[in-house]
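Asker: Before anything else, here's the structure in question.
The values are calculated or read from the model by the stated rules, or taken from the named source; none is laboratory data. Just so you know, these numbers come straight off a predicted model, no measurement behind them. Every residue, glycine among them, receives a Cβ derived from its backbone with ideal geometry; neighbour counts consider all protein chains shown. Heavy atoms of the whole protein, side chains included, go into the accessibility calculation; ligands, DNA and RNA do not. Shrake-Rupley method; radii C 1.70, N 1.55, O 1.52, S 1.80 Å.
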Amino acid sequence: MQKMGKQKNKTASFSFWNWVIASIIFRLILIYFPKNLNLASRPEVSTPLTSFRRLAEGYWLKQLSMSPYAGFSFCFFFFSLCPTFFNFFFILIRQKKEMYLIFLVFGYSGSMYHGSPLLLSLLGPLTVKRIEGQPNHLLYSLVSVIADVVSAILIRATGKNLRLAYLRSLESLDIVQQTKASEILSPGDAAALIYLWNPFTIVACVGLSTSPIENMAVILCLYGACSRLVPLAAFGWVIATHLSLYPAILIIPVIFLLGCGPDAPPRKLFLQKNNKEEVLSKSKLRLGFSWRPITHFAFWALLWSAYVLVLCGISLKQFGGLWEMFKSTYGFILTVEDLSPNIGVLWYFFAEVFDFFRNFFLIVFHVNILFMIMPLAIRLHHRPCFLAFVYIAIFSMLKSYPSVGDSALYLGLLGWFVNELADIQFSFFLFCGYVGVSLLSPVMHTLWIWRGTGNANFYFATAMVYACLQIILVVEGVSAMLNHDRKLRNLATSKPQDAKS
Amino acid sequence: MTLLQRPVLVLLLLVTHHLLQCWIAFGSVDEEGQKQEEFNEELLLKPLPDRTVLAHFHFQSSAPPSTSNGRHHHLFPKAISQLVQKFRVKEMELSFTQGRWNYERWGGFDPIASSNAKPPGVELWAVFDVPQHQVDASWKNLTHALSGLFCASINFLESTSTYSAPEWSFPPSSGNLRYGTLPREAVCTENLTPWLKLLPCRDKAGLAVLLDRPSIYRGFYHSQRLHLTSTGSGSKGTDSGIILNQALTVVLQPIQPNGQRASMDHASEKHIQPSWSLSSIFGKQVRGRCVLAKSSKVYLQLDRGLVAELKRIHKENEKSVANGLTSENFWSYPSFELSANPDRIVVEENSLHSKSSSILYNFQVEKYSESEPLDLGLTWKIPVVWLCQSAPLHSSRYLMGSGNERGAIAISLKSTQLREGFMGAFADNERCELRVDVFQVVPWYVKVYFHSLQVFIDQQPKAVSDVIEKIHVSPSKDKVSPGMMEMVLKLPCRVKSAALTIEFDKGFLHIDEYPPDANQGFDIPSAIISFPNFHASMFFLEDGSVNKSPLLSKFQEKSPVMSYTEVLLVPLTTPDFSMPYNVITITCTVFALYFGSLLNVLRRRIAEEERFLKDKATKKTGQLPLLLSKLSAKLRGRPWEPPHSPPSSSFFISSKLVFKVILVAGLAVSWQYYFS
């Protein structure tokens, strides 16, 4: 919230695009630092799912005709002369310097890479490509930067869209005058700039993790739903789900978005209003729930997921197929197999919990995400974008391998609701908490892992604090949004009386 | 009468004993002409350059394939034959080792160093004669059986995360090979006793008498090995023949008499090698052979390097002092003195890679007895300094990096003096290449990034594809299988040093998976570096004696030069082992906080809403409670007022509640009915 406060002044004096360019330049400066400031190996940035090194390992294994997940144990030979008589049996791939690799495939397995096979095909080549005189992973970093900028532009467009819808609904309630006074800046610009300049986003981008791309898919989905581009929304949703599973629950806000349009005050309010003043034409606002775009969405989602599955199937044909992929991506997410420390709380929990209870707690923690879906959907169905924000915040807090890239996404989306959440409680406390945790957590990690003077409990304590901060943010955010709706209703219902009196 | 009877009885006993002995020892061919079971015992002693003595015991028991014996054996240990038959083991080797073989000082090229030096702890590999899918099951059973047999925790090799299946880098390559090591296994006398029990004479007679526990375990290195090969017989009904080789290699420091230590101050005697005898290194003497053994021999080997050095000294002396000794029998030249006369002298045929050849003095134990024990000793007269022949490249392995998050394993190969000799033979060839095989197993919690493999030759980074001719990788799978890497390197002959580095991340384990002393660290088993172009074998001319001696025929077998690297100790981060309850409760509290507070916010309504709801509720409430309250008001004589909390006052009427109660009761009844 404080950040927003700062942004307010900045955007007032400078144009949006200057800040975008400045953020790109800032990222490039960081990328040109030697060894990327070692951000790629930070536990906050690279989880087993988003780690760049694991991606490179997966690509290496795949290049050697080995399953990137299961890993087929394999054999390859380098021959300096072309052994043409072998061509008959083996796949030959031409390497530089007239080298030939011959691959033999044996069945065995490994566990390093847990991402999507599509990402492997798209980003994999960038992990090995090097340009002379440039940083090692320049091309890959550029892709991350582009993903960030595209996300920011989409966030801005969505924010503008939301703003228009909001104003329209206020107009129909005749309370534009009262609320206009509290408007400070365009939520689209604010959200985009928060997303671009958030240290978490910058770190995730420079640290070569894959989360900028996952975030872009989520934002693409929301943008598509907001601007009623059904195929785009379906594409974003399918890709986001494919990459990290959790965005699957975003289907509920997307359905609301497509069914009854972007965020608006509660529908009941319009009905009351309409009852009182029948002058208002119904054509101005769609109040009903239209099923047409949803069937469209379902159709497109099916189409895209079939497409994605076929692509994955093709790329994993000789490595055990789709089942192997599901087992080592979704299975890996759901069973929390990797216990290396991250900013979440589950790693330490599952490192300590008795094996006997492991399955029980796995179910409890995952159901915790699902349990809140229904109550939130019922209470916030008139504000699907805010609902999406809350869902994203919840799953990035409770997911098995959280990273700062996930936090960057929901903090960016928070900017959309600058005006609605202006009177959120504890905003200063939350800001200080975020700053404090992001400073303390690396210190505790260093003390524990590198210097050996600390203890796992210290690092876990910062993770606990971080989880609490996110909980407070979500709870207070929801509470502030409900209060805002109440305020609007008060304005809408009390206004006629004021006019009369 | 009794006085008369006793000598007769003793005589009778003596005669029968002798007869029995003769029958057992020399009756190697029975009535049907079938081969009988055999037992041979041999001991090889060898002075090492660093003032120590190597003693290599070699016991061979063999059981030929036969139908007649059935399940019974004369000499062969029944436990082993049952093992082989039950698990269909084709070949197996088990070694218990303590200490590390010093490849630089004790040599790395001769058969003892290359095939008998083993990594610390337990190493087991086995080849099975079963279909592919049964190999793992057989392996598991075998580890348990061996664990019971040798009082060692070999059963830890049962889990799939501890053993691997090398494809081709391990010498007896075959699809049915399994290989596992336990680097931390402590080896001591409880492992030696069952091993000795497999010998027909145990340690009561023969050469095994020398195995005095305190003196063995005082040594720098000791390794007991059990190698068995079953010469499979195709036909049904016959048991397969088994050859069991038991070898025990110790490197001991002879205890010197105090007088000699005092005279060490003398400058000329400083470099004189310590003199030793069997009784000074083992504290025991050989008092005769094991009567069940077919042959019982003691060898004293002089190393190639030592022989060359002695020859050089001898020639110098010949020049200065013209004595009558010819260069052929220079070994009788008094640069050293043997306390017993050798029965035969075996000279090695000139080997490919070195100029001189080693000499073996053979002593037949049959000639010695209780009254005249064999106490073989070697007394040096003049100071001699020599070097043992080492492998073409000296390999070592170390860890790089600090902290508990990640690190790197480096295997470095440095050229040794042998390379020059080798270069002399093949030098002018520009395309001369040195082939090196590397076999490395890493446990799953050391997560190796195979793409980070780097090769440095003479400190210059090289493209991986230029150096590695062939690679076979099987990445580790968490908690299931270890990572395995087999590589064939082609190095240029002129290479001075080569290094391989590979990065890894350290894994984090569940608290139950840490061993008792978790902060000590975890061991990465030794890598095996082998040089397939070089063969550590000796050739002997005298056919008769060589064929009879299993030890020498073992030396003649062609086997690639192999060396084991150091075991690495990787410290892993530990969680707090005392925290499980705290972590569970705190984490659950946070989850409850999240769930509770969010749900609370969602259902909270502020004052006006509540009033509105109340109004609505009063409208909805039925007439009966209204009447009742009116009635009660009248009875009390007070003016009637509308109820403040209608939902709570109308609980017994609320149709919804009644419906719910009925539903739950119905469910309960049906549940009860259905399950009873």
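Asker: How large is the convex hull of the C-alpha atoms of segment B:96-146 per residue, in Å³?
Answerer: Hull volume normalised by residue count: 100 Å³.
Asker: Let me know the volume per residue of the alpha-carbon convex hull for segment B:462-510, in Å³.
Answerer: About 94 Å³ per residue, rounded to a whole number.
Asker: By how many nm would the segment from residue B:255 to residue B:569 lengthen if fully extended, with 0.36 nm per residue of separation less the alpha-carbon distance? Don't skip to the answer; put the middle values down first.
Answerer: Values: separation 314, 0.36 × 314 = 113.04 nm, distance 3.30 nm.
Working it through step by step, the gained length comes to 109.7 nm.
Asker: A further question follows. Taking the Kirkwood radius as the inverse of the mean 1/r across Cα pairs, report the Rg/Rh of segment A:358-501.
Answerer: Expressed as Rg/Rh, it is 1.10.
Asker: A further question on this structure: So, by mean Cβ neighbours within 10 angstrom, what's the order for B:45-52, B:374-381 with the highest one leading? Working shown, then result.
Answerer: Details: B:45-52: 19.9, B:374-381: 18.1.
Averaged packing, sorted descending, gives the order B:45-52, B:374-381.
Asker: Starting from the Cα of residue A:439, step 7 Å along the direction of its Cβ; do the same at residue B:189; then give the gap between the two resulting points in nm.
Answerer: 6.4
Asker: Give me the accessible area buried between chains A and B, both sides summed, with a 1.4 Å probe, in Å² rounded to the nearest 100.
Answerer: Approximately 6200 Å², summed over both chains.
Asker: Once phi is turned into θ = phi - 60°, what whole-Hz ³J(HN,Hα) does the Karplus curve with 6.51, -1.76 and 1.60 give for every residue of segment B:194-203, x standing for Gly and Pro?
Answerer: x, 5, 6, 5, 6, 7, x, 9, 6, 10
Asker: OK, next. Check residue B:469: other-chain or 5+ apart residues with amide H under 5 Å from its amide H, H built from backbone geometry?
Answerer: Close amide H contacts, sequence-distant or interchain: B:488, B:489, B:490.
Asker: Here's a follow-up. In nm, what is the difference between 0.36 nm times the number of residues separating residue B:581 and residue B:611 and their Cα-Cα distance? Each step should come with its number before you reach the end.
Answerer: On the way: separation 30, 0.36 × 30 = 10.80 nm, distance 4.54 nm.
Stretched fully, the residue B:581-residue B:611 segment lengthens by 6.3 nm.
Asker: From the phi angles alone, apply the Karplus equation (6.51, -1.76, 1.60; θ = phi - 60°) to segment B:573-590 and give each ³J(HN,Hα) in whole Hz, x where the residue is Gly or Pro.
Answerer: 5, 10, x, 7, 6, 9, 9, x, 5, 4, 5, 5, 5, 5, 4, 5, 5, 4
Asker: Can you list residues from other chains, or at least 5 along the same chain, whose modelled amide H is less than 5 Å from the amide H of residue B:449?
Answerer: Under 5 Å from the amide H of residue B:449: B:503, B:504, B:505.
Asker: Let me ask something else. 7 Å from Cα along Cα→Cβ at both residue B:670 and residue A:354: what's the point-to-point distance in nm?
Answerer: Spacing of the two 7 Å Cα→Cβ label points: 3.7 nm.
Asker: Of the accessible area of segment A:13-62, with the probe set at 1.4 angstrom, what percent is carbon plus sulfur?
Answerer: Here carbon and sulfur together make up 72 percent of the probe-accessible area.
Asker: Follow-up. Give me the Debye-computed log₁₀ of I(q)/I(0) at q = 0.22 Å⁻¹ for segment A:422-501, equal point scatterers on Cα only, no solvent, two decimals.
Answerer: -0.94
Asker: Give the shape of segment B:477-609 as rounded, prolate or oblate, defined through the alpha-carbon gyration tensor: a ≥ b ≥ c are the square roots of its eigenvalues, a/c under 1.5 means rounded, and otherwise the shape is prolate if a/b is larger than b/c and oblate if not.
Answerer: On the way: a/c = 5.05, a/b = 3.35, b/c = 1.51.
The shape class here is prolate.
Asker: Work the Kirkwood hydrodynamic radius out for segment B:43-197: mean of 1/r over every pair of different alpha-carbon atoms, inverted, in Å. Before the final figure, lay out each step's value.
Answerer: On the way: mean 1/r = 0.0580 Å⁻¹.
Final number for the Kirkwood radius of segment B:43-197 is 17.2 Å.
Asker: Rounded if a/c is under 1.5, else prolate if a/b beats b/c, else oblate: with a ≥ b ≥ c from the C-alpha gyration tensor eigenvalues square-rooted, which is segment A:200-273?
Answerer: prolate
Asker: Taking 7 Å along the Cα-to-C-beta vector as the label spot, tell me the residue B:497-residue B:633 distance in nanometres, rounded to one decimal.
Answerer: 10.2
Asker: To continue, here is another question. From the phi of every residue in segment A:470-475, what ³J(HN,Hα) in whole Hz does the Karplus formula 6.51 cos²θ - 1.76 cosθ + 1.60 yield, where θ is phi - 60° and glycine or proline is x?
Answerer: Values, residue by residue: 5, 4, 4, 4, 5, 5 Hz.
Asker: Using a Förster distance of 30 Å, how high is the FRET efficiency between residue B:204 and residue B:514, based on the Cβ-Cβ distance and rounded to 0.05?
Answerer: Details: r = 44 Å, r/R0 = 1.47.
In this case the efficiency is close to 0.10.
Asker: Can you figure out the FRET efficiency of residue A:367 with residue B:364, using R₀ = 60 Å and their beta-carbon distance, to the nearest 0.05?
Answerer: With a Förster radius of 60 Å, E is 0.15.
Asker: From other protein chains only, count the Cβ atoms within 10 Å of every residue's Cβ in B:224-230, then give the mean.
Answerer: 0
Asker: Here's a follow-up. Check residue B:242: other-chain or 5+ apart residues with amide H under 5 Å from its amide H, H built from backbone geometry?
Answerer: HN-HN under 5 Å from residue B:242: B:63, B:231.
Asker: What's the average, rounded to a whole number, of partner chain beta-carbon atoms within 10 Å of each residue's beta-carbon in B:477-488?
Answerer: Per-residue shielding by partner chains comes out at 3.
Asker: Related question: From other protein chains only, count the Cβ atoms within 10 Å of every residue's Cβ in B:503-510, then give the mean.
Answerer: Mean shielding count: 4.
Asker: Taking 0.36 nm per intervening residue step and subtracting the Cα-Cα distance, what contour gain separates residue A:294 from residue A:335 on full extension? Walk me through the numbers on the way to the answer.
Answerer: Values: separation 41, 0.36 × 41 = 14.76 nm, distance 3.25 nm.
Full extension of this stretch gives 11.5 nm more.
Asker: Could you give P(r) for segment B:430-513, binned at 5 Å from zero, as whole percent values over all Cα-Cα pairs?
Answerer: 3, 13, 23, 21, 14, 11, 7, 5, 2, 1, 0, 0
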